[in-house]
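Working notes, beginning with the structure itself.
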Amino acid sequence: MIRHLNCASFAPRLVGPMVAHVLLVERPEGLLLVDTGFGTADVAHSVRLGRAFRAMMRPALREQETALAQVQALGYQADDVTDIVLTHLDLDHAGGVGDFPAATVHVYDAELEAARHPRGMEHGRYLPVQWQDARFATHHADGGDDWHGFESVTVLGDDVLMVPLAGHSRGHTLVAVRDPEVADGWQVHAGDAYFHRGDLTSPPTAPRVLRVVQRLLAQDDVVRRANQARLRELVQADHPGLRIFSAHDPVELAAFTDA
C-alpha cells in the first residue's frame, strides 16, 4: 500500500500554500519512505533551519506533520521504517531522516558529495545535522536500466526505482514506486524537478514567480530545464498507469489524499 503524507506546510509570500509530499510504502519487508519533510528536531529547534529559509518559506513546523508522528499514528514504530529514498538532501526533504535511525537512506553519490562538500549556493540548501548519523547506501547515476526513455535507472527490489534527474541539485532523483492497484502502474515522485502542475502542461502554465524560483534554486538550470522537458513529454504521451507528481504542489497531493 502507498500512503501520501504531507510532512511540512509552507506559506511563502507571492506563491501560496506549499506542502512536502512524502510517500509511505508498506511492504512485507518493512516500511519505506520517499522523502521525509521536516523532522521532530526541526520542529523543536526551528532556529537551525536558518533565518533566511524561515523568512522565505514560512514553514508551519507542526509536530503532527512529521513523518514520525504520522507513522506512529498508523500503529507503527520508528524502527519499522527500513528504508528511506530521498529525491535529494535539501533541508525540507531530509529533515526527518534522524527520526528513523534503523533505516538505510538511499541517495545518489553525487548528491551526498554535494551535501558533504557544498560549493557556492549549495551551502544554503543542506543541513548536515539532519542526517549526519544516517546509514547511507549510495548509488551511481550511470549504467543501470532504462525506464520510459530515462536511462541509468537504479532498481531497489522489484517495486522502487531511482531515476537520475539532476539540475535542481547535483544528484537529484525521481523515485517511482510500483502501484499495486494498477496493472503496470507507477506512482512517480519527481521531487523538485518541477514545483507546479502547470510546469508539465504544454505550453507550461506555472505561475511566473515559481518559474523564477526554480531557476534561482537550480544547481544547473540548463540541465534542470532539459529534464523538466523530458518529464513534460512523458506526461503528454499519456502513458496509462503513470501518475507523476512533485514534492510541493498541494493540488497534486490532494488528488491522492482526497480520493
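Points to keep in mind about this one:
- Of the criteria (1) part of a loop (DSSP other than H, G, I, E, B); (2) in contact with a Leu (Cβ under 9 Å, 6 or more places away or on another chain), which one HIS88 fails: (2)
- Filter pass, GLY37 being buried (at least 18 other Cβ atoms within 10 Å of the Cβ), touching an Asp or Glu at 6+ places or on another chain (Cβ under 8 Å) and at positive phi: yes
- Segment 138-155: number of residues that are surrounded by fewer than 12 Cβ atoms within 10 Å (Cβ to Cβ) and either touching a Phe, Trp or Tyr at 6+ places or on another chain (Cβ under 7 Å) or farther than 23 Å from ARG232 by Cα (or both): 1
- Residue match in segment 215-236 (condition: under 21 Å from LEU89 (Cβ atoms) and without any contact (Cβ under 8 Å) to a residue 12 or more places away in the chain): yes
- Filter pass, VAL175 being under 19 Å from ILE84 (Cα atoms), modelled with pLDDT of 95 or more and within 14 Å of the chain's Cα centre (by Cα): yes
- Within segment 151-170, tally of residues that are over 18 Å from the mean Cα position of the chain (by Cα) and part of a strand (DSSP E or B): 2
- For segment 247-258, the condition of being without any contact (Cβ under 8 Å) to a residue 12 or more places away in the chain, within 18 Å of the chain's Cα centre (by Cα) and assigned to a helix (DSSP H, G or I) holds for at least one residue.
- Residue match in segment 11-26 (condition: under 25 Å from PRO207 (Cα atoms), assigned to a helix (DSSP H, G or I) and modelled with pLDDT under 95): no
The values are calculated or read from the model by the stated rules, or taken from the named source; none is laboratory data. Keep in mind that what you see is a predicted model, and the values were worked out from it rather than measured. Cβ: placed from backbone, ideal geometry, glycine included. Neighbour counts: every protein chain shown.
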